Structure formats: C-alpha cells, structure tokens
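Peer 1: Structure incoming, see below.
The values are calculated or read from the model by the stated rules, or taken from the named source; none is laboratory data. The shown structure was predicted, so the numbers you read here are calculated from the model rather than taken from an experiment. All Cβ positions, even for glycine, are placed from backbone atoms using ideal geometry, and neighbour counts span all protein chains on display. Just the protein is used for accessible areas: all its heavy atoms, side chains included, with ligands, DNA and RNA removed. Shrake-Rupley method; radii C 1.70, N 1.55, O 1.52, S 1.80 Å.
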Amino acid sequence: MPNKANHIAIIMDGNGRWAQNRGRQRIAGHERGAEVVRDITTFCSDHKEVKQLTLYAFSTENSKRPALEVDFLMKLLGKYLKRELPFYLNNNVKFKAIGDISKFSKKLQKIIVTTEQETKSCTGLTQSLALNYGSRNELMRAVNRIDKPCSEVKEADIAAALDCKKDVDLLIRTGGDHRLSNYLLWQAAYAELFFTDTLWPDFTSGELESIISDFKTIERRFGGVK
Ligand code: IPE
Ligand code: IPE
Ligand code: MG
C-alpha cells in the first residue's frame, strides 16, 4: 500500500532571500509568501488524502528579528486571516493556531481566536499555522499542563497535551537549508523529510505534487522490518 500523506508539515523558508534577489525589501517576500500559503492550502484541501497541513509561519526565535520586520509580519498575519475567512469557509477548511499566541497583541489574538471559532465546524482540511511556535516551548507548556504525578506520565499523555496532536507523515523545508529550526520535534519522530532549494515564494502545488508522489514510494518501517 502506498504511503498516505495524511499530515503534511512545511517550513516555509526563503521569503527574505526571494525579495533580496529582486532588489526588494525582505517584507515583499513575506507578502508574496502569504499568496503561496493560499495556493498550497487550496491544493491540499482538494487532495482528499491530506487531512492536515501545518505551516511554520513564525518561530519563537523569529522575534529576534528587527522590530520593523516583526511588526510587519504581525500586521500581515492579521490582514491575512481577516481576508481569508471566506476562503476557509468556501473550502470547508478548519483553521487552527499552534504556538504561544499569548505574546501577541490582544487585537491579533482576537483575530486568531475568531478565525478558529468561525471555522470550527468545517470538516475538510485542517490548516494549522504555527505562530510564535517552538517545539521546545510547546513541550514545556504540554508538560506543565499534565495533571498527574511525573512517574505516571505516558507518551500518550504528552502527545495529547501538545498543541499539535497528530504525527507528521511528510515534512518539507523550502529555502535550501537542512534543519528543523525547532519545528514539530516530537510529531516528526517518523516523518519523511524533504528539502528543496526552491524559495517559499516560488514553491508551487506542482512541486508539492511531485514530492508527494516520491513520498508514496518510500518504505516506512517505523523501526520494524518489511
Ligand atoms: C521564512 O522566510 C519566513 C519567516 C521566518 C517568517 P525567511 O524570512 O526566513 O527568509 P530567508 O530565510 O531569510 O530568506
Ligand atoms: C524557520 O525559518 C521558521 C519559519 C519558517 C517560520 P528561519 O529562517 O527562522 O530558520 P533559521 O534561522 O534559518 O534556522
Ligand atoms: Mg529563513
């Protein structure tokens, strides 16, 4: 049986370089990157096998960037979510945020929570956006949430307390680097990893389709033998 790309996670990297290659400011790359998010979400929502798409939009470490870039990203996120609500509803896509959004402005938190509430009855694809997300931060919050003596904590208790509860099948990083940058370290334990040099603003559904077909041919053994 070919593998099923049930849960795809993407590290959307390369926006800044895409803009700089064109003599433009880094933020122009983020703007273009947001358009690609819509294209890829549409493709996944039309692809019946894909149930969840988890996209890395802002890491816990990204707040080290210059304030102007961080402010721009926060504004872009708010604008994007407001503008995309009809898209989510028309495509039956459920939106979910993962990460510690309590550090965001009250206004942005409200937009995020409203988008989650408005789309909560959608039954198609789940699009999770990782916002102020870091795997270590997520694990730390999860552990603090578990109401049991440490000696009784099972793997399943930790998995259930994480923001992202589903194991990743296919993890893709665009932008040419081969690292996880604190993304879904628990959930990607047995994910198939794909790295492409394509910068995120140039990433297309055609390339995703070709990665999915390569993924289908891999023998996933999960430590066993075939
Ligand atoms: C990824 O693109 C988007 C975010 C981290 C918000 P980058 O902004 O990291 O782009 P590069 O890697 O510098 O080209
Ligand atoms: C990872 O990209 C985070 C996101 C894509 C949101 P970075 O550009 O922040 O990662 P590093 O700094 O190259 O590891
Ligand atoms: Mg980067």
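Peer 1: With a Förster radius of 35 Å, plug the Cβ-Cβ distance of ASN21 and PHE87 into 1/(1 + (r/R0)^6) and report the FRET value to the nearest 0.05. Mind dumping the intermediate values first?
Peer 2: Values: r = 28 Å, r/R0 = 0.81.
Between ASN21 and PHE87 the formula returns 0.80.
Peer 1: Pairs LYS75/LYS110; LYS106/LYS165; LYS96/LYS166; LYS4/LYS120; LYS75/LYS96: which are spaced more than 23 Å apart, C-alpha to C-alpha?
Peer 2: Values: LYS75/LYS110 13 Å; LYS106/LYS165 26 Å; LYS96/LYS166 13 Å; LYS4/LYS120 25 Å; LYS75/LYS96 18 Å.
Result: LYS106/LYS165; LYS4/LYS120 exceed 23 Å.
Peer 1: Roughly how many Å² of MET140 are accessible to a 1.4 Å probe, to the nearest 10?
Peer 2: Ignoring ligands and nucleic acids, MET140 comes out at about 100 Å².
Peer 1: To continue, here is another question. As a test question: what accessible area, to the nearest 10 Å², does THR123 have when a 1.4 Å probe is rolled over all protein chains in place?
Peer 2: About 120 Å², rounded to the nearest 10.
Peer 1: What does the charge count near ASN6 come to, summing +1 for each Lys or Arg and -1 for each Asp or Glu among other residues with Cβ under 10 Å from its Cβ?
Peer 2: Numbers: positive: LYS4, LYS51, LYS166; negative: GLU49, ASP167, ASP169.
Net charge around ASN6: 0.
Peer 1: For THR41, what accessible surface area do you get with a 1.4 Å probe? Give it in Å², rounded to 10.
Peer 2: Using a 1.4 Å probe on the heavy atoms, I get roughly 0 Å².
Peer 1: In the Gaussian network model of the chain, springs joining C-alpha atoms below 10 Å, which of PRO201, PRO66, PRO86 carries the largest mean-square fluctuation?
Peer 2: Judging by the Gaussian network model, the answer is PRO66.
Peer 1: Most fluctuating residue of TYR88, TYR80, TYR56 in a GNM of the chain with Cα springs under 10 Å: which is it?
Peer 2: Its mean-square fluctuation being the largest, the pick is TYR80.
Peer 1: What is the gain in length, in nm to one decimal, between SER121 and LYS106 on full extension, counting 0.36 nm per residue of separation less the C-alpha to C-alpha distance?
Peer 2: Working: separation 15, 0.36 × 15 = 5.40 nm, distance 2.43 nm.
So the extension gain works out to 3.0 nm.
Peer 1: If the elastic network links every pair of Cα atoms under 10 Å, which of LEU89, LEU55, LEU125 fluctuates the most in the Gaussian network model of the chain?
Peer 2: LEU89
Peer 1: May I ask you to list the aspartates and glutamates whose Cα is less than 14 Å away from that of LYS48, ignoring any residue fewer than eight positions away on the same chain?
Peer 2: The reachable aspartates and glutamates, counting only those whose Cα sits under 14 Å from LYS48, are GLU209.
Peer 1: Right, something else. State, in angstrom, two size descriptors of segment 23-77 derived from its alpha carbons: Rg to one decimal place and Dmax to the nearest whole number.
Peer 2: 13.7, 40
Peer 1: Please list the helices of the chain that count as membrane-span-like by this rule: a mean Kyte-Doolittle hydropathy of at least -1.0 together with Cα atoms stretching 20 Å or more along the helix axis, each helix being a complete DSSP H run. Could the numbers behind the result be given before it?
Peer 2: Numbers: long enough: 26-46 (31 Å, -0.35); 67-90 (35 Å, 0.22).
Those that pass (Cα extent of 20 Å or more, hydropathy at least -1.0) are 26-46, 67-90.
Peer 1: If you average the sequence gap of Cα pairs under 8 Å that are 6 or more apart and divide by the length of segment 37-194, what percent do you get for the contact order? If you can, show how the numbers build up before the last one.
Peer 2: Working: 197 pairs, mean separation 39.9, N = 158.
It comes to 25 percent, rounded to a whole number.
Peer 1: For the chain, what is the calculated [θ] at 222 nm in deg cm²/dmol (nearest 500), taking -39500 (n - 2.57) for each run of four or more DSSP H residues and dividing by its residue count?
Peer 2: Working: 7 runs with 95 residues, N = 226.
Result for the chain, helices only: -13500 deg cm²/dmol.
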